[in-house]
Amino acid sequence: MINRRNFLGLGLGAIAIAAIPGKLSAVDFRETKPKAWTATKVDEAIKELFGTSATVEGGINLSAPDIAENGAVIPVSFDTQLKATRIAVFQDANPESAVAIFSLNEFSVADYAIRIKMAKTGTVTVVAEAEGKLHAVSKLVKVTIGGCGG
């Protein structure tokens, strides 16, 4: 018969082992693609990151509010069934267009929810690199109170 102390010890040990990542890899895009982070236009940032700005519409589901009362915390979520290797988020309301870049592997589930900051009304664009193509989707978000001190 197992007592409570042994049960808890085994349970905590199993949780600790499960929490250790099998393989962890991250790319510092601010270091490897610095011009993508300083680009002031979305097309420029896309070209710096992916090598081209030619995109096809669709393949990505994007959810963002039509009107954001506070530009400091705009919820943006997106997902795709594409076998994407990289997904990037851009916006055209702030001086720098790039917001976030995600690297994916074959086991990744591309379903993200983030909060972004926008100084004024602008367009949020999500680009996914999959099977040699760039898929994109955009949405206009009207900001009533700017999130960058405005």
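The values are calculated or read from the model by the stated rules, or taken from the named source; none is laboratory data. Since this is a predicted model, take the numbers as computed values, not measurements. For neighbour counting, all protein chains shown are included, and Cβ atoms are generated from backbone atoms with ideal geometry for every residue, glycine included.
Things to note:
- Each residue in region 104-134 was checked for being within 18 Å of Leu49 (Cα to Cα), assigned to a strand (DSSP E or B) and small (Gly, Ala, Ser), and 2 pass.
- Entirely in region 17-96, the strands (runs of 3 or more DSSP E) that have 3 or more residues that are modelled with pLDDT of 95 or more and surrounded by fewer than 19 Cβ atoms within 10 Å (Cβ to Cβ): 60-63, 74-80
- Verdict on Phe102 being closer than 30 Å to Ile145 by Cα, touching a helix residue (DSSP H, G or I) at 6+ places or on another chain (Cβ under 8 Å), modelled with pLDDT of 85 or more and not β-branched (Val, Ile, Thr): no
- Pairs meeting the criteria (first residue in region 72-89 and touching a residue at least 60 places away in the same chain (Cβ under 8 Å), second residue assigned to a loop (DSSP other than H, G, I, E, B) and surrounded by 22 or more Cβ atoms within 10 Å (Cβ to Cβ), beta carbons under 6 Å, at least 6 apart or on different chains) are Ile74/Met118.
- Complete set of residues in region 99-136 that are hydrophobic (A, V, I, L, M, F, W, C), crowded, with 17+ Cβ neighbours inside 10 Å and more than 15 Å from Arg86 (Cβ to Cβ): Ile116, Met118, Ala119, Val124
- Pair list, Cβ under 9 Å, 6 or more apart: region 27-42 residue in contact (Cβ under 8 Å) with a residue 60 or more places away in the chain and closer than 26 Å to Leu140 by Cβ, other residue among the small types (Gly, Ala, Ser) and in a loop (DSSP other than H, G, I, E, B): Ala36/Ser97; Trp37/Ser97; Val42/Ser53; Val42/Ser97
- Flag set for Thr125, criterion: touching a helix residue (DSSP H, G or I) at 6+ places or on another chain (Cβ under 6 Å), under 19 Å from Lys139 (Cα atoms) and either touching a residue at least 60 places away in the same chain (Cβ under 8 Å) or not β-branched (Val, Ile, Thr) (or both).
- Test result for Ala100, among the hydrophobic types (A, V, I, L, M, F, W, C), assigned to a strand (DSSP E or B) and in contact (Cβ under 8 Å) with a residue 24 or more places away in the chain: no
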